Amino acid sequence: MRYIPHTDADVAAMLSAIGLRSLDDLVAHVPADLRRQAALDVADGLGEADVTARLAELGARNRTAPNLLCFAGAGAYPHFVPSVVDQVILRSEFATAYTPYQPEVSQGTLQATFEYQTLVASLTGFDVANASLYDGSTATAEAVLMAKRLAPKASRVLVAQSLPPEYRQVVQTYLEGLAGIEVVLVPFGADGRIDRAALARLLTPAPAGVVVGYPNFFGVVEDLAGIADAVHAAGSVLVTVTAEAIALGLLRSPGELGADIAVGEGQSFGIPLSFGGPYLRLFATREKFVRSMPGRLVGETVDEQGRRGYVLALATREQHIRRERATSNICTNQGLCALAATVFLALAGRQGLRELADRNARKARHALRRLRERAGAEPVFSAPFFNEFAVRLRDARRRHEKALERGVLAGVPLGRWYPELDDALLVCSTEIHSAADIEKLAEALAP
């Protein structure tokens, strides 16, 4: 099947109108030797059925979550996505919508975004959340830049070593082109939480901000209130990063515990794994910092007839205001992913999200218990965790490979990022894992 609408007669008529006889005449002015070099060594085209079969053959080589028993998390989490989420986001009104510069014809998109902002602000315990951005890693980098804007004279930002490694890499990449700002890593302690003694030493002189995971990369829940007190006493701001957003249904919110900026990854809210994206950035802060926040805000108002309506209330990017006053060059929000998260959260409700988070925490504890009993695993850290935990195993990498051969993705080897944890796996268990699934995991990792 060809997707070219012009018949031979159409092409001949167009060529005749411009005084040419063939398509080759269009490039006759290009020297012949250059035209010969431009020839492409491309095989003959295939029919649609052949292309479909070929792509299916190639796709079957992938080892994906649907055909593996997946206990990997580390920033991308296997969760159940209710069918209603796809049914709503596939509606043509949303699928074809673009940037709502004209509110009079964009009320549906604007209202959905406003609802999303409201849900994220409620989850994080802050006054205001933006209309979403790209993903958790860039959210972290943008939060660091925001902290720098709030403390322009500061020359350092403290980043917990227990932050997701890829997030730390993205932060470093963002800052490479900026003079006068250095990333300083804060080590983690034996319990998996940030090393408070090291943090206390590094808070002098005051950094632009301190960035910690909540939960961190190891699934460990940090003592945010204590960290916030220390950070504020030094005159800095605290940024929390939540890669597993379902945790916010069970844990006290970052805003309630004293954080100043909360960012995270919204993939767990109704967005499939999808080989790593597209995902969804969560970003919230206190109202007093709103003019330093990147992205855009949708606000609620009334029209001249008193009817409720929604508009873009704040968009501090360089296309909208003077470049030197812009907070970011992020050009859009993840509208469709934000809509999916909105549908998911509205469907779950406050109590439903709490029950889902509780189920995740219980599944993870059962998985840890069975790994200790059946596979001889021992937890690496002693601090409380959510639905992800690190365990030590003798011959961890070999056992991981063996489990994969048996169709079980038994977590993620931590030695890839932390050489001192080369004998450890990071294992995640969510609501999709049955007791039988967890038994298969324990058996797959057994010696």
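The values are calculated or read from the model by the stated rules, or taken from the named source; none is laboratory data. This structure is a prediction, so every number in the text was calculated from the model and none was measured. Positions of Cβ are backbone-derived with ideal geometry, glycine not excepted, and every protein chain shown enters the neighbour counts. Heavy atoms of the whole protein, side chains included, go into the accessibility calculation; ligands, DNA and RNA do not. Shrake-Rupley method; radii C 1.70, N 1.55, O 1.52, S 1.80 Å.
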Among (1) open to solvent by 10 Å² or more (accessible area, probe 1.4 Å); (2) touching a residue at least 40 places away in the same chain (Cβ under 8 Å); (3) under 13 Å from MET146 (Cβ atoms), where does VAL263 come up short?
(1)
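Listed here are the residues, each with its yes/no results for (1) more than 24 Å from the chain's Cα centre (by Cα); (2) of a type outside the set (D, E, K, R); (3) modelled with pLDDT of 90 or more; (4) under 24 Å from LEU312 (Cα atoms).
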{"position": "ARG35", "(1), (2), (3), (4)": "yes, no, no, no"}
{"position": "ASP50", "(1), (2), (3), (4)": "yes, no, yes, no"}
{"position": "ALA53", "(1), (2), (3), (4)": "yes, yes, yes, no"}
{"position": "PHE71", "(1), (2), (3), (4)": "no, yes, yes, no"}
{"position": "ALA76", "(1), (2), (3), (4)": "no, yes, yes, no"}
{"position": "GLN87", "(1), (2), (3), (4)": "no, yes, yes, no"}
{"position": "TYR98", "(1), (2), (3), (4)": "no, yes, no, yes"}
The residue from ALA367, ALA348 that alone is hydrophobic (A, V, I, L, M, F, W, C), in contact with a Ser or Thr (Cβ under 6 Å, 6 or more places away or on another chain) and part of a helix (DSSP H, G or I) is ALA367
Among the residues of the range 375-390, is there at least one that is in contact (Cβ under 8 Å) with a residue 40 or more places away in the chain, in a helix (DSSP H, G or I) and surrounded by fewer than 20 Cβ atoms within 10 Å (Cβ to Cβ)?
no
The range 157-200: number of residues that are assigned to a loop (DSSP other than H, G, I, E, B), modelled with pLDDT of 95 or more and not acidic (Asp, Glu):
9
What number of residues within the range 115-136 are assigned to a helix (DSSP H, G or I), open to solvent by less than 20 Å² (accessible area, probe 1.4 Å) and closer than 30 Å to ILE181 by Cβ?
5
Checking the conditions here, which among ALA112, ALA154, ALA139, ALA143 is small (Gly, Ala, Ser), over 16 Å from the mean Cα position of the chain (by Cα) and outside any loop (DSSP other than H, G, I, E, B)?
ALA112
Do any residues in the range 18-36 that are within 19 Å of ASP8 (Cβ to Cβ) and touching a residue at least 24 places away in the same chain (Cβ under 8 Å) have Cβ atoms under 6 Å from those of residues that are of a type in the set (A, V, I, L, M, F, W, C) and open to solvent by less than 70 Å² (accessible area, probe 1.4 Å), where the two are at least six apart or on different chains, and which pairs are they?
none
Exactly one of LEU257, LEU178 is more than 20 Å from VAL128 (Cβ to Cβ) and either surrounded by fewer than 15 Cβ atoms within 10 Å (Cβ to Cβ) or out of contact with any Phe, Trp or Tyr (no Cβ under 7 Å at 6 or more places or on another chain) (or both), and that residue is LEU178
